[in-house]
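This report concerns only the one structure given below.
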Amino acid sequence: MSKLFDILLLLLLISCALAVVRMKDLLAATIVFSGYSLVMCLLWVHRGAPDVAMTEAAVGAGVTTVLFLLAISRTARYERR
Amino acid sequence: MIEALWQNIDYVASVLLFCIGLYAMITKSNLIKKFIGLNIMETSVFAFIVALGVVEGGDAPIMGVGASPPFINPLPQSLILTGIVVAVSTTALALSLIIRIHKQCGTIEADELREME
Amino acid sequence: MKRAAVIVLLVVVAIPLVLAMADLPPYGSPDSPAYTHVGAYYLEHGVEEAGAENIVTDVILNYRGFDTEGEVTVIFTAMAAVLAVLMASRGGGEAGTRPPLTPPSVVVRFVVRVMAPLTLMFAVYVIMNGHITPGGGFQGGTIVGAVFIALTLVLSERDATRLIPNRPERVLQAAAPIVYCLIGLLGLALFDVYLGYPRTEEMGLLRTAMLVTLEIGIGVGGATVIATIFRTMGSDQ
């Protein structure tokens, strides 16, 4: 049961990573990247590392996503090729 | 060998994520997309190192009430805490450099930057 | 053509790694060498030697204290580098005005104003209880930084620049390395070792006080660094 949950989280992680790499709209890619960070945080809670999970949740959703959004708003929104 | 791989499926998933990040970093020409690839590579290594310390049926390493051995190894978790902070620092610096490049050269695609020299 | 070459390269890189993964000790086994030597010592003697019930805080502040000092220096240096890169083209002066944004809707303003004090209280709880429950200095500091970012979006511009007080701003940004050096010198003065902690049970109060002071320093420093990076990147060019 626990192994099934593990495999489910890993599949979700890999599909989020593939989606981020393939998207051309950088704003959508940033939001999916924030979702990737959330799934990583769940994975660490499942593995019994609450400190790391709290740090990743605060940093991934709070800081990295906001900085990416600032950078996208100052540069280009769509990838050109 | 297939059974050994099936048992260590968490490590194999980390290798897969690393390769996805490496692919994004090599092929995409947009600087921000390259940087997202670097971030995916960093988090995959963190997931691998924390997974090295897991003990089956263990509790989190907090000695409070109701905690009993076996505990999960606390050493990889502390190394990864420092690693996450360093990843955030490189994210902030790289994104500010990208903003500066865009202001100076008008584009953030690596092909166009190379032709501009 | 280039894409096919990259995929071949990645397969060549991935295959030895995957084969190596098959040779590692099985996932979750209690006999792996990473667990039996140093990790077991920290789990057994952590609470009596280092005084914190959260073994991870034990390890990062006591057993591996120099690594954490390096970490706070790294994040301070990153903030200094961001300031150097982005402010050089503006010709000095304070962080300038924001570009005209559309004002946020009533829902966003109301929710942020209600949630901000509660989230700040939670962040202070996480910082102060870092040595008993999961949490710690950097986690709480990042939550304070995130509250600051949310408040910057809804406050008027004049109020937003007052969120970080102007005169102690430089000291607050460097709070984490400064507090670390002071506690390290205190350890040097009392116990002949830089960043030395008392090892006995009678001085347990001093030990807990040093740990909590370090956590508060890291929390305040981390929050101010994140807020400064956000304000610098977000202001007008």
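Going toward the positive end of the dipole of region A:2-74, with +1 on Lys and Arg Cβ and -1 on Asp and Glu Cβ, which of A:His46, A:Val63, A:Thr30 do you reach last?
Farthest towards the positive pole: A:Thr30.
Summing -39500 (n - 2.57) over the DSSP H runs of n ≥ 4 in chain C and dividing by its residue number, what mean residue ellipticity at 222 nm do you reach, to the nearest 500 deg cm²/dmol?
-22000 deg cm²/dmol
Using only Cα atoms and rounding to the nearest 10 degrees, what angle (0 to 90) does helix A:65-74 make with the longest principal axis of chain A?
Approximately 10 degrees, to the nearest ten.
Could you calculate the FRET efficiency of C:Ala81 with B:Gln7 from 1/(1 + (r/R0)^6), where r is the beta carbon distance between them and R0 is 60 Å, rounded to 0.05?
The calculated FRET efficiency here is 0.85.
To the nearest whole number, what is the average tally of beta carbon atoms from other chains within 10 Å of the beta carbons of peptide B:30-38?
Details: counts 9, 4, 10, 7, 0, 2, 12, 3, 0.
Per residue, the average neighbour count from other chains is 5.
Pick from C:Val18, C:Val106, C:Val56: which residue has the top mean-square fluctuation in a GNM of chain C where Cα pairs under 10 Å get a spring?
Highest fluctuation of the listed residues: C:Val18.
Enumerate the aspartates and glutamates that B:Lys28 could reach by cross-link, defined here as Cα to Cα under 15 Å, with residues fewer than 8 away along the same chain left out.
A:Asp25, A:Glu79, B:Glu109, B:Asp111, B:Glu112
Exceeding 28 Å between C-alpha atoms, which entries from my cross-link table qualify? They are A:Lys3/C:Lys2; B:Lys34/B:Lys103; A:Lys24/B:Lys103; B:Lys103/C:Lys2. Numbers along the way, then the final one.
Working: A:Lys3/C:Lys2 38 Å; B:Lys34/B:Lys103 19 Å; A:Lys24/B:Lys103 22 Å; B:Lys103/C:Lys2 30 Å.
In this structure, A:Lys3/C:Lys2; B:Lys103/C:Lys2 exceed 28 Å between Cα atoms.
So how far apart, in nm, are the two label points at C:Glu44 and C:Phe191 if each is 7 Å from Cα heading toward Cβ?
With each label placed 7 Å out from Cα toward Cβ, I get 2.1 nm.
Where does helix B:31-52 land angle-wise versus the long Cα axis of chain B, in degrees 0 to 90, nearest 10?
10
Please report the spacing between the Cα centers of region A:8-81 and region B:42-107 in Å, no decimals.
That distance is 14 Å.
With Cβ to Cβ distances under 15 Å as the rule, what net charge do the other residues near C:Asp58 carry (K, R +1; D, E -1)?
Value of the local net charge: -4.
Quote the charge dipole size of the protein assembly as shown about the Cα centre in Debye, to the nearest 20; the model charges only the Cβ of Lys and Arg (+1) and of Asp and Glu (-1).
Values: 28 positive and 34 negative charges, 446 e Å.
In total the dipole reaches around 2140 debye.
What size of dipole, in debye to the nearest 20, comes out for region C:64-234 about its Cα centre when the only charges are +1 on Lys and Arg C-beta atoms and -1 on Asp and Glu C-beta atoms?
680
Summing +1 for each Lys or Arg and -1 for each Asp or Glu, what net charge is found among the other residues whose Cβ lies under 12 Å from the Cβ of B:Val88?
-3
For peptide C:36-44, compute the average count of partner chain beta-carbon atoms within 10 Å of each residue's beta-carbon.
Going residue by residue through C:36-44 and averaging, the value is 4.
What distance in nm separates the simple spin-label points at C:Glu202 and C:Ala14, each placed 7 Å from Cα in the Cβ direction?
Here the answer is 6.3 nm between the modelled labels.
Could you calculate the FRET efficiency of C:Arg167 with C:Val106 from 1/(1 + (r/R0)^6), where r is the beta carbon distance between them and R0 is 41 Å, rounded to 0.05?
0.75
How large is the charge dipole for chain B, taken about the Cα centre, if only the Cβ atoms of Lys, Arg (+1) and Asp, Glu (-1) carry charge, to the nearest 20 debye?
380
Do the sum for chain B: with -39,500 (n - 2.57) for every DSSP H run of n ≥ 4, divided by all residues, what is the mean residue ellipticity at 222 nm, to the nearest 500 deg cm²/dmol? All intermediate terms of the calculation are to be shown ahead of the outcome.
Numbers: 5 runs with 84 residues, N = 117.
-24000 deg cm²/dmol, from helical runs alone.
Taking the highest mean first, how do the peptides C:141-147, B:57-63, C:228-234 order by number of other beta carbon atoms within 10 angstrom per residue?
C:141-147, C:228-234, B:57-63
With a 10 Å cut-off between alpha carbons and a GNM built on chain C, which of C:Arg158, C:Arg109, C:Arg199 moves the most?
Between C:Arg158, C:Arg109, C:Arg199, it is C:Arg158 that shows the largest mean-square fluctuation.
Using only Cα atoms and rounding to the nearest 10 degrees, what angle (0 to 90) does helix A:26-46 make with the longest principal axis of chain A?
The two axes meet at around 10 degrees.
Springs between alpha-carbon atoms under 10 Å, Gaussian network over chain C: tell me which of C:Leu17, C:Leu151, C:Leu190 tops the mean-square fluctuations.
Its mean-square fluctuation being the largest, the pick is C:Leu17.
Tell me the mean residue ellipticity at 222 nm calculated for chain A from its helices only (DSSP H runs of n ≥ 4, each -39500 (n - 2.57), averaged over every residue, nearest 500). Intermediate results must be reported in sequence, preceding the final value.
On the way: 4 runs with 60 residues, N = 81.
So the helix-based figure for chain A works out to -24000 deg cm²/dmol.
Mean Kyte-Doolittle of at least -0.5 and a Cα length of 18 Å or more along the axis: which whole DSSP H helices of chain C meet both?
C:2-23, C:65-87, C:106-128, C:137-154, C:175-191, C:204-234
Counting partner chain Cβ atoms within 10 Å of every residue's Cβ in C:137-146, what's the average?
Mean partner shielding for this stretch: 5.
None of the figures in this text is laboratory data; all of them are computed from the coordinates on show. Keep in mind that this is a model prediction, so the values were computed, not measured. Positions of Cβ are generated from backbone atoms using ideal geometry, with glycine treated the same way; all protein chains shown enter the neighbour counts.
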